[in-house]
Every structure is written in C-alpha cells, then in structure tokens.
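Below is one structure; the comments refer to it alone.
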Amino acid sequence: MIAFLDGVIVICIFAIAASILMLVYRILKGPSNPDRAVALDTLGINLLSMVGLLAILLDTSKFNDIILLIGILSFIGSIALAKFLEKGVIIERDHH
C-alpha cells in the first residue's frame with residue numbers, strides 16, 4: 001500500500017510540474033494582465049501543493065513552515081496585483 005501511495009504522489013508531482021510549466025508560459029505570454037494575475041495566483045497554489053506532496057513523500061513535517069510562507073506570500077501578491085490592476089498603484093500616497 002505504501003508503494004502505491006508513493007507512486008501516486010510521484011505521478012501527481014510530475015502532473016503539477018507540467019502545470020507549473022504551462023502557468024509560467026501563461027504568465028510570460030498572457031494575452032492580458034488579468035490572465036497573468038490568475039496564472040500567478042494559480043502558480044502559488046501549485047507550489048503549495050508541490051511542497052505538500054514532497055512533505056508527504058519524504059514523511060516529514062519540516063515543510064509546514066514553507067507551505068505557510070508560500071501561502072502568505074501568494075495571498076499578499078494576489079492582493080497587491082489586484083490593487084495594481086484596479087488603480088494603477090499599490091501604495092497610495094497623499095501629497096499635500
């Protein structure tokens with residue numbers, strides 16, 4: 001049963017790696033900026049799942065901090081990119 005689970009995890013890792021390659025292409029060649037933003041957000045989710053699968057495969061909990069860090073950075077990046085696409089600036093400064 002353990003060998004079957006390891007095989008499934010390896011197949012999933014390769015599938016996510018292929019998805020990451022396609023997302024990088026979409027980020028670089030996307031037809032519009034919102035498409036690039038969605039691809040960047042999805043890339044963060046794929047990185048989370050890749051690290052999670054590696055943690056299961058290696059049977060360790062040492063990657064939990066990395067998973068949380070990637071999640072937080074992905075969320076902040078998505079918010080910043082959405083604000084930039086909406087208003088054109090990320091940090092508003094009032095000049096008096």
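The values are calculated or read from the model by the stated rules, or taken from the named source; none is laboratory data. Model, not experiment: these values are computed from the prediction. Virtual Cβ from ideal backbone geometry, glycine too; neighbours counted across all protein chains shown. Heavy atoms of the whole protein, side chains included, go into the accessibility calculation; ligands, DNA and RNA do not. Shrake-Rupley method; radii C 1.70, N 1.55, O 1.52, S 1.80 Å.
Counting only protein heavy atoms and a probe of 1.4 Å, the accessible surface of the chain is 71% carbon and sulfur. Given the alternatives (i) 9.3; (ii) 5.4; (iii) 7.8, mean projected area of the Cα convex hull in nm² as computed for this entry is given by (iii).
Excluding ligands, DNA and RNA, what is the solvent-accessible area per residue of the chain at a probe of 1.4 Å, expressed in Å²?
The answer is 75 Å² per residue.
Summary value for the chain: 23 percent relative contact order, contacts being C-alpha pairs under 8 angstrom separated by 6+ residues. Here residue 4 and residue 79 are evaluated by their C-beta separation; at R0 = 41 Å the FRET efficiency comes out at 0.55.
For the stretch 39-79, what class follows from the C-alpha gyration tensor (a ≥ b ≥ c being the square roots of its eigenvalues): rounded when a/c is under 1.5, otherwise prolate if a/b is larger than b/c, else oblate? Walk me through the intermediate numbers first.
Values: a/c = 5.62, a/b = 1.90, b/c = 2.96.
The shape class here is oblate.
Calculated FRET efficiency, residue 69 to residue 15, Cβ-Cβ distance, R0 = 35 Å: about 0.90 to the nearest 0.05.
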